[in-house]
Amino acid sequence: MVNSEASEQPEKIHLPRTSESDTLKRLRHTTSHVMAMAVQKLFPKAQVTIGPWIENGFYYDFDQPEPFTEQDLKKIQKEMVKIIKRKLPVIREEVPREEAQRRIKELGEPYKLEILADLEDPISIYHLGDQWWDLCAGPHVENTSEINPKAIQLESVAGAYWRGDASNAQLQRIYGTAWENPEQLQEYKRRKQEALKRDHRKLGKELGLFIFSDPVGPGLPLWTPKGTVLRTLLEDFLKQEQVKRGYLPVVTPHIGRVDLFKVSGHWQNYKEDMFPMMAEDEEAAAAEQGFVLKPMNCPFHIQIYKSELRSYRELPMRLAEFGTVYRYEQSGELGGLTRVRGFTVDDSHLFVMPDQLDQEFLSVVDLILSVFKSLQLKNFKARLSFRDPASDKYIGSDQAWEKAQGAIRRAVDTLGMESFEAPGEAAFYGPKLDFIFRDILDREWQLGTVQVDYNLPERFDLEYVAEDGTRQRPIMIHRAPFGSLERLTGILIEEYGGDFPFWLAPVQARLLPVGDAQLPFAQEVATKMRSHGIRAEVDTSGERLGKAIRNAEKAKIPVMSVIGAKEVEANSLNIRTRAAGELGMMPIDLVVEKMEQANRNRENF
């Protein structure tokens, strides 16, 4: 086996995080072995491949002729309990490659032979007693008795390709979870149920925000009118903040020549994640002079900067674009809005002089923190995503990397932010400061990011005329406070449970006339609200009042008003809000004024 890497009572049970608990890693890794042993006892034809621990659990991939069923999972878990209760010692053994190869051939396990070819000597093997073994590097508990059989659960079966390659054999992946005690398992199950209720794919459909269409293609969301309103509100919000801070808007194409990405290094380092090349003709294709859908915006912004010789007086230059990019994600990796193939990045590239770098970096971080505050995203920490010195995937000199990483460290120290370093998480051209957000369901997401880049200015030979008349090289800052509109929207849907704050709600107010006699008045009020920038609509469904109210609640409309003869006569509205409940009768002008104020201040009505 090979290693890989809001509810009613949220405070009741603390779930240890995998990154914090070595005990959980050992438990889960060992439990995956126990599961594989149980599978091969019950299904002798099943061959094992890999089975790592993962966040919240573990999985194992099997080559098994017949598909596993729900009933099979119950049988496997029952057999796992028997194995655990046998109190088998978990024993590590190191053997020469030839001995490992001999044993694998005796078992008739071809996948293990492929895994063995990638391992370094000596070969590490773990045994469950003398009953079962697999290639593995650990970690494990010392005895199966350390696993609590009441704190494990097999959850589901999914398809998986051997080594993630669709051209290889299709395997069956069994997912499971393991915890230290039954209470943690029950809390995990409760959170899973809460996650199902908040799932942005489910709520997105119920609220009519976006769809996916097979004829269009997987991972390519289509935004409905309400979803487009939400998306536009987020865009406008950030654009307004950027204008205040001196950003200059630009627009760039969706495709570009392959050569552009060869200069930037993306073609060499990112080719597998780019959509296949398009060519003007066969000759161009042969010469690799075709086009690709852009996977990122930076080479385009660089061309705008480079279109004329810049003076030091023009710097810092902050170019900003909500630019749609395309990544060739594998179909099995797609997930609603949080992992898509076409997405819009709130991208900006700052071209700065060396003595401007620290202040501009701090200003970008200040913008990101301001965005998070407005969106009520509070539970996050900063990850210093640095280069792994042992890896050869990075471009640029050691000196450039040290300068860039130093700038990020200084910014974090200046701000006193909670942070941690993550070697190996840098982009191939520069280190990053990533903002890792932990949502209401205790899951981690990367949102905003800031990167310091000495390398692309060098590769594209960027210059500016310094005060003394010499030609100097600018430094680039890449930044995206949202990360992507799609992922942010998906996270916000789940964080709010679809119950958006007033200023973000696609429909802010719904007017419910009691009968046809009140309909003209309701439409007149809605028109007045819309003229003041309030997104109001009238319920013209003709449903009985009780159902109309329930429909507004189900649609999570922040404000509703039932309009009867009394309201028409008083030229007022009886206001009911999701945030504050019944507010009673209010003059229409006062309602409009308060709604405008809530929009201006980005707060609830």
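Measure out, as a whole number of angstrom, how far apart the alpha-carbon centroids of segment 505-546 and segment 433-492 sit.
Taking the Cα centre of each part, segment 505-546 and segment 433-492 sit 43 Å apart.
Between residue 232 and residue 269, what is the label-to-label distance in nm when each label sits 7 Å out along the Cα-to-Cβ direction?
Distance between the two pseudo-spin positions: 3.8 nm.
Rounded to the nearest 0.05, what FRET efficiency do residue 388 and residue 594 give with R0 = 56 Å and r taken as the Cβ-Cβ distance? Could you check?
0.55
Amide H neighbours of residue 171 under 5 Å, counting only residues 5+ apart in sequence or on other chains, H built in-plane at 1.01 Å?
Those qualifying (amide H under 5 Å, at least 5 residues apart or on another chain) are 160, 161, 162.
Less than 14 Å Cβ to Cβ from residue 38, Lys/Arg counted +1 and Asp/Glu -1: what total charge do the surrounding residues give?
+4
Determine the gain in length on full extension of the stretch residue 531-residue 130; use 0.36 nm per residue of separation and subtract their C-alpha separation, reporting nm with one decimal.
Working: separation 401, 0.36 × 401 = 144.36 nm, distance 7.78 nm.
Net length gain for the segment: 136.6 nm.
State, to one decimal in nm, how far the label point of residue 114 lies from the label point of residue 306, with both points 7 Å from Cα in the Cβ direction.
Going by the 7 Å Cα→Cβ label model, 4.1 nm.
Under the rule of at least 5 residues apart or a separate chain, name every residue whose amide H is placed under 5 Å from the amide H of residue 137.
3
Place a +1 charge on the Cβ of each Lys and Arg in the chain and a -1 charge on the Cβ of each Asp and Glu, then give the dipole magnitude about the Cα centre in debye, rounded to the nearest 20. Display every interim value, and only then the final one.
On the way: 80 positive and 92 negative charges, 391 e Å.
Computed charge dipole of the chain: roughly 1880 debye.
By per-residue mean of other Cβ atoms within 10 Å, what is the highest-first order of 509-515, 109-115? Provide the component values of the computation, followed by the final result.
Details: 509-515: 21.7, 109-115: 17.9.
Per-residue Cβ counts within 10 Å, averaged per peptide and sorted highest first, yield 509-515, 109-115.
Hey, what number do you get for the chain at 222 nm if only DSSP H runs of n ≥ 4 count, each worth -39500 (n - 2.57), divided across all residues, to the nearest 500?
Values: 19 runs with 222 residues, N = 605.
The helix contribution divided over the chain gives -11500 deg cm²/dmol.
For segment 100-187, with only Lys/Arg (+1) and Asp/Glu (-1) charged at the beta-carbon, what is the dipole magnitude about the Cα centre, in debye rounded to 20?
Rounded to the nearest 20 debye, it is 380 debye.
Could you state the number of Å between the C-alpha centres of segment 367-420 and segment 573-593?
If we compute the Cα centre of each part, the gap is 45 Å.
Leaving out same-chain residues fewer than 8 places away, which aspartates and glutamates sit with a Cα under 15 Å from that of residue 105?
114, 134
Once you list every other residue whose beta carbon is under 11 Å from the beta carbon of residue 223, what net charge do they have if Lys and Arg are +1 and Asp and Glu are -1?
+1
Give the shape of segment 133-179 as rounded, prolate or oblate, defined through the alpha-carbon gyration tensor: a ≥ b ≥ c are the square roots of its eigenvalues, a/c under 1.5 means rounded, and otherwise the shape is prolate if a/b is larger than b/c and oblate if not. Let's see the in-between values first.
Details: a/c = 3.98, a/b = 1.69, b/c = 2.36.
Oblate shape, in that a/c is at least 1.5 and b/c is the bigger or equal ratio.
Starting from 0.36 nm per residue, how many nanometres of slack lie between residue 93 and residue 192 once their C-alpha separation is accounted for?
That works out to 31.9 nm of additional length.
Which residues' amide hydrogens lie under 5 Å from the amide hydrogen of residue 53, considering only partners 5 or more residues apart or on another chain, with H built in the peptide plane?
Answer set, sorted by chain and number: 4.
For an R0 of 51 angstrom, estimate the FRET efficiency from the Cβ-Cβ distance between residue 441 and residue 468 and round to the nearest 0.05.
Efficiency at R0 = 51 Å is approximately 0.35.
Is the chain rounded, prolate or oblate when judged by the Cα gyration tensor, a ≥ b ≥ c being the square roots of its eigenvalues, rounded requiring a/c under 1.5 and prolate requiring a/b larger than b/c?
On the way: a/c = 2.08, a/b = 1.24, b/c = 1.68.
It is oblate, given that a/c is not under 1.5 and a/b is not larger than b/c.
Suppose R0 equals 25 Å. What FRET efficiency, 1/(1 + (r/R0)^6) with r the Cβ-Cβ distance, do residue 582 and residue 373 give to the nearest 0.05?
0.25
Beyond 25 Å between alpha-carbons counts as too far, so tell me which of 45/150; 189/226; 239/432; 150/189; 205/556 fall in that bin.
45/150; 189/226
Need the list of aspartates and glutamates near residue 74 for cross-linking: C-alpha distance under 20 angstrom, and skip anything on the same chain fewer than eight residues off.
Here the aspartates and glutamates satisfying the reach criterion relative to residue 74 are 61, 63, 66, 155.
Determine the shape class of segment 79-227: with a ≥ b ≥ c the square roots of the Cα gyration tensor eigenvalues, call it rounded for a/c under 1.5, and otherwise prolate if a/b is greater than b/c, oblate otherwise. Each step should come with its number before you reach the end.
Values: a/c = 3.57, a/b = 1.58, b/c = 2.25.
Oblate, because a/c is 1.5 or more while a/b does not exceed b/c.
Can you list the residues of segment 154-168 with backbone N under 18 Å from a point 7 Å past the Cα of residue 75, pointing along Cα to Cβ?
Backbone N within reach: 154-158.
Read-outs: derived from the displayed coordinates by stated rules, not from any lab. This one's a predicted model, so the numbers in the text were calculated from it and none came from an experiment. Quick reminder, even Gly has a Cβ in these numbers, built from the backbone with ideal geometry, and neighbours come from all protein chains shown.
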